[in-house]
Amino acid sequence: MHDPEALRSLHLSRFKAEPEIFAAPGRVNLIGEHTDYAEGFVMPAAIDFATLAAISPRTDGKIVIYSENFREEHIVEAAALPTEATQHWSDYPLGVIAILAGEGHRTTGFSLSLYGDVPLGSGLSSSAAIEVATALAVTSLLNVHYPGPQLARLCQRSENEFVRSSCGIMDQFISVNGEANHALLLDCRDLSFRLAPIPANVALVIANTMVKHSVAGGEYTSRRAEVEEAASVIARHRHEVRFLRDANVDDLKKWGSEMSPNALKRARHVITENSRTVAAADALIHHDLKELGRLMAEAHESYSKDFEASCAEADTMVMLANKLPGLIGARLTGGGFGGCTINLVEQEQAPKFAEALAGSYADATGIKPQIHICHASSGAHKVTASLSH
Ligand code: GLA
């Protein structure tokens, strides 16, 4: 697990300066997949995996970024920031720094040490955690304050405009605004949200299929294009429709034949997923765990069959979970094409569930999975205050 004290002493010995330290969590999405960029609904929770950022000012005009994960230092001139990504780990912090500079928040240089334990490429938003931790650290150094939703937008812009990955707002939003022991129903149209308490007797069991996923990869982008194609076909008939958020299944019956077969299927997923996500938040708020589980099962089916964003391993992981005692609901979480499943499990059954799932998945696929029993945790924050100096 991430240890702020260890990052502090690492930063201190490398840069000879006392840092301020910030933490930003990864996330797991309970339901609402590929709905965020269609201005729909998502219901993620922040988790207890995070990126830590330690920062201290410099006077030599340099920005020096050290990644403890990659054991590598990257140096740029504060006055000559890069304008595009280079497919290097430093793209994520540099993108945020460049976007902040574009907003008029330039610095005279700093040292930034990063360490994260969010598994990379697993659909748990390791990149959003890096962006948000960097954004908090740099804005704090500059004495600039952005309200949570704006900070999330800024990090999303860095990913869209600098890293050039076409993600929506979900990951950055929950990393900034997560609440301990709660999932968050987010309306991606106006960024209003409702907290849904996760009962103490429910565990979040995250099962990593070990199949790598990347939002920057082509499949995510082509799904998004199909979703947008479907919205534009409906908009030809109903001008008030701008995104699939505004559409309904009747629209698909009427005008689905004007879309490519793929766009029709993707749209059916997004439109039904929006309703499921709102219903799932109601079920969670009213302690109707049976209904929540049913909605998660339906969501996985839709994600796998209509959105075609699952993979054989994730389908197997979900199928095996469904056979185990204690399961409330299981589905593939995140951008798709690999990564992790989220399993809501009765707390007291969770350790046995995790062990049995790991065993049966290894038997079925020959792959040893990583299974984590997680808790919904709070969003990004400063941690220095809690360290003993
Ligand atoms: C990735 C993106 C998010 C969202 C999900 C799919 O995590 O970063 O914006 O689109 O995929 O729900």
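Looking only at segment 211-234, count every residue that is surrounded by 16 or more Cβ atoms within 10 Å (Cβ to Cβ) and either at pLDDT below 85 or not charged (D, E, K, R) (or both) and tell me the total.
Residues flagged as surrounded by 16 or more Cβ atoms within 10 Å (Cβ to Cβ) and either at pLDDT below 85 or not charged (D, E, K, R) (or both) within segment 211-234 amount to 12.
What residue, of 85, 6, 17, 54, is crowded, with 24+ Cβ neighbours inside 10 Å and not hydroxyl-bearing (Ser, Thr, Tyr)? Don't jump to the end; show me each part of the working.
On the way: 85 fails: crowded, with 24+ Cβ neighbours inside 10 Å; 6 fails: crowded, with 24+ Cβ neighbours inside 10 Å; 17 fails: crowded, with 24+ Cβ neighbours inside 10 Å.
Selected residue: 54, the only one of 85, 6, 17, 54 that is crowded, with 24+ Cβ neighbours inside 10 Å and not hydroxyl-bearing (Ser, Thr, Tyr).
Scan the strands (runs of 3 or more DSSP E) fully inside segment 1-95 and keep the ones with 2 or more residues being in contact with a helix residue (DSSP H, G or I) (Cβ under 7 Å, 6 or more places away or on another chain). Break it down into steps so the answer makes sense when it comes.
Numbers: elements: 20-31, 41-57, 62-67, 72-77.
The strands (runs of 3 or more DSSP E) meeting that bar are 20-31, 41-57, 62-67.
Provide a single number: the residues in segment 325-337 that are small (Gly, Ala, Ser), surrounded by 24 or more Cβ atoms within 10 Å (Cβ to Cβ) and part of a loop (DSSP other than H, G, I, E, B). If you could, list the steps in order and put the result at the bottom.
Kept after step one, since they are small (Gly, Ala, Ser), are these residues of segment 325-337: 326, 329-330, 334-336.
Narrowing the set further to residues that are surrounded by 24 or more Cβ atoms within 10 Å (Cβ to Cβ) leaves 329-330, 334-336.
Restricting the remaining residues to those that are part of a loop (DSSP other than H, G, I, E, B) gives 334-336.
Selection size over segment 325-337: 3.
Considering segment 162-203 alone, what residues qualify as being more than 16 Å from the ligand (Cβ to nearest atom) and not in a strand (DSSP E or B)? Step through it out loud before you land on a result.
The initial filter retains those residues of segment 162-203 that are more than 16 Å from the ligand (Cβ to nearest atom), namely 179-182, 190, 192, 194-203.
Correct list: 179, 180, 181, 190, 198, 199, 200, 201.
Residue by residue through segment 131-161, note down the ones that are within 13 Å of the ligand (Cβ to nearest atom) and open to solvent by less than 40 Å² (accessible area, probe 1.4 Å).
Those that are within 13 Å of the ligand (Cβ to nearest atom) and open to solvent by less than 40 Å² (accessible area, probe 1.4 Å): 131, 132, 152, 155, 156, 158, 159.
Would you pick out the residues in segment 350-373 that are free of Cβ contacts under 8 Å to residues at least 12 places away in the same chain and either of a type in the set (Phe, Trp, Tyr) or open to solvent by less than 50 Å² (accessible area, probe 1.4 Å) (or both)?
Result: 359, 362.
Looking at (1) within 28 Å of residue 336 (Cβ to Cβ); (2) open to solvent by 60 Å² or more (accessible area, probe 1.4 Å); (3) charged (D, E, K, R), which is the only condition residue 71 fails?
Every condition holds for residue 71 apart from (1).
Name every residue in segment 283-298 that is farther than 11 Å from residue 43 by Cβ and in contact with a Ser or Thr (Cβ under 9 Å, 6 or more places away or on another chain), in order of residue number.
Correct list: 298 only.
Any idea how many residues of segment 333-368 are away from the ligand (no atom under 14 Å from the Cβ) and either of a type outside the set (Val, Ile, Thr) or more than 19 Å from residue 124 (Cα to Cα) (or both)?
Selection size over segment 333-368: 25.
Taking the conditions exactly as written (at pLDDT 95 or above, in contact with an Asp or Glu (Cβ under 8 Å, 6 or more places away or on another chain), within 23 Å of residue 194 (Cα to Cα) and of a type in the set (Gly, Ala, Ser)), does residue 263 satisfy them or not? It would help to see each step written out before you state the result.
Values: at pLDDT 95 or above: yes; in contact with an Asp or Glu (Cβ under 8 Å, 6 or more places away or on another chain): yes; within 23 Å of residue 194 (Cα to Cα): no; of a type in the set (Gly, Ala, Ser): yes.
So residue 263 does not fit the description; no.
The values are calculated or read from the model by the stated rules, or taken from the named source; none is laboratory data. Not measured: the values here are computed from a predicted model. All Cβ positions, even for glycine, are placed from backbone atoms using ideal geometry, and neighbour counts span all protein chains on display. These accessible areas exclude ligands, DNA and RNA; they are computed on the full protein's heavy atoms, side chains included. Shrake-Rupley method; radii C 1.70, N 1.55, O 1.52, S 1.80 Å.
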